[in-house]
Amino acid sequence: MHVFVLKGDFELLDSYTPLLFELGAGGLEEKPGEVWAYFPERVELPLPGSWRELPDDDWLEVWKRDLHPVTAGPFVVLAPWHEWSGPETKIVLEPGMAFGTGHHETTRMALEALAAERPAGKRVLDVGAGSGILTIAAAMLGATALGVDIDQQAIAAARENARRNGVEPEFRAGSVEVAAPPQDLILANLYAELHAELAPAYARLLAPGGRAWITGVLADRENVADAAMRAAGFVPLGRRREGEWVLLGYRR
Ligand code: SAM
C-alpha cells in the first residue's frame with residue numbers, strides 16, 4: 001500500500017476524485033487539513049498541488065494510533081490489540097494490509113446492509129473484497145461467501161484475516177469474471193464509474209430476484225451508478241447516505 005497526502009484544498013480534491021480512482025486509488029480519507037489517498041501500487045500522480053508520499057512506517061503508526069473499535073449492525077471491527085466485552089460479533093482485522101477496517105462510512109453501511117439481508121444459506125459475492133471484511137462478515141452470518149479483488153496483496157490479506165476470524169470463505173484474485181452465477185447477493189464497495197461499468201456483470205451473476213448493495217459512491221456521482229444499474233434491469237430497493245457517501249440497493 002502506498003499513501004499520498006494532499007495538503008489543503010478540498011474543493012480541488014473533489015474534482016480529482018474520479019481521476020484518483022481511475023489511477024487505482026483504493027480509498028480516500030479526509031484528515032484535518034489534508035486528504036490521504038491509498039494506492040495498492042506506487043503511482044506517478046499527474047496532479048497539481050502539494051503531494052507527498054508517506055513512508056510506510058509513518059502512515060502505519062498514525063493509522064494504528066487513530067484506530068478505534070467500530071460497531072456496524074451486529075458486528076464490532078477490532079484491531080488485534082483492541083479489547084471488547086460487548087455482545088457484538090467480533091471481526092478482528094490486522095489494519096494496514098488492505099482497505100476495509102470498518103472505519104469508512106461505506107464499509108459500515110455495507111456491513112449493516114449485509115446483516116439486514118439475513119444472508120444465512122445464501123450465496124454472497126463481494127466485489128472488491130480488500131481486507132475481506134464483508135466476505136468474512138457474510139461467512140460469519142452463515143452465507144456461502146466469495147470475495148474477489150484485482151489486488152493480489154489484498155487477497156492474501158483477506159485470506160489471512162478470514163483465518164484469524166475462524167471462517168473459511170473463498171477468495172479469488174480477479175474481478176467479476178472469476179465469479180459464477182447464480183449469486184443471491186452482491187456487495188460491492190468500489191466507485192460510481194466502476195459500478196456503471198460492472199452493472200451488466202452484476203445482472204448476469206445474480207439469480208432472478210437476487211439483490212445488490214453497491215457503495216463507495218460519492219453523492220454527486222450517484223446518478224452515474226444508478227442510471228447504469230437501472231439500464232442493466234435493476235429495480236431500486238433503497239438508498240442510504242452518510243456524509244458524502246451513498247449506499248444503493250437493487251433487486252434484479
Ligand atoms: N470491501 C472492502 C470494504 O468494503 O471496506 C474494501 C473496499 S475498497 C474501497 C475497494 C477494493 O476494490 C480494493 O481492494 C481494490 O483493490 C478493489 N478493486 C478495484 N477495482 C476492482 C475491480 N475492477 N474488480 C474487483 N476489485 C476491484
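The values are calculated or read from the model by the stated rules, or taken from the named source; none is laboratory data. Quick caveat, the model's predicted, so the values are computed rather than measured. Note that each Cβ is placed from the backbone with ideal geometry, even for glycine, and that neighbours are counted across all protein chains shown. Only protein heavy atoms, including side chains, enter the accessible area calculation; ligands, DNA and RNA are left aside. Shrake-Rupley method; radii C 1.70, N 1.55, O 1.52, S 1.80 Å.
A few remarks follow.
- Against the conditions (1) more than 13 Å from the ligand (Cβ to nearest atom); (2) under 22 Å from residue 132 (Cβ atoms); (3) in a strand (DSSP E or B); (4) of a type in the set (A, V, I, L, M, F, W, C), residue 167 satisfies every one except (3).
- Close pairs (6 angstrom Cβ cut-off, 6 or more residues apart or separate chains): assigned by TED's automatic domain parsing to the domain that holds residue 215 in the range 20-41, among the hydroxyl-bearing types (Ser, Thr, Tyr) anywhere: none
- Of all residues in the range 107-122 being of a type in the set (Gly, Ala, Ser) and open to solvent by less than 20 Å² (accessible area, probe 1.4 Å), the one that is nearest to residue 146 (Cα to Cα): 110
- Qualifying residue in the range 124-139 (condition: open to solvent by 50 Å² or more (accessible area, probe 1.4 Å), of a type outside the set (Phe, Trp, Tyr) and outside any helix (DSSP H, G or I)): no
- Every pair of residues 6+ apart whose Cβ atoms lie under 6 Å, when the first sits in the range 97-125 and is more than 8 Å from the ligand (Cβ to nearest atom) while the second is outside any loop (DSSP other than H, G, I, E, B) and open to solvent by 50 Å² or more (accessible area, probe 1.4 Å): 109/240; 122/184; 123/144; 123/184
- Selection count, the range 76-96, where residues are part of a loop (DSSP other than H, G, I, E, B) and within 12 Å of the ligand (Cβ to nearest atom): 2
- Among the residues making up the range 177-195, those that are within 11 Å of the ligand (Cβ to nearest atom), more than 15 Å from the chain's Cα centre (by Cα) and surrounded by fewer than 20 Cβ atoms within 10 Å (Cβ to Cβ) are 177, 178.
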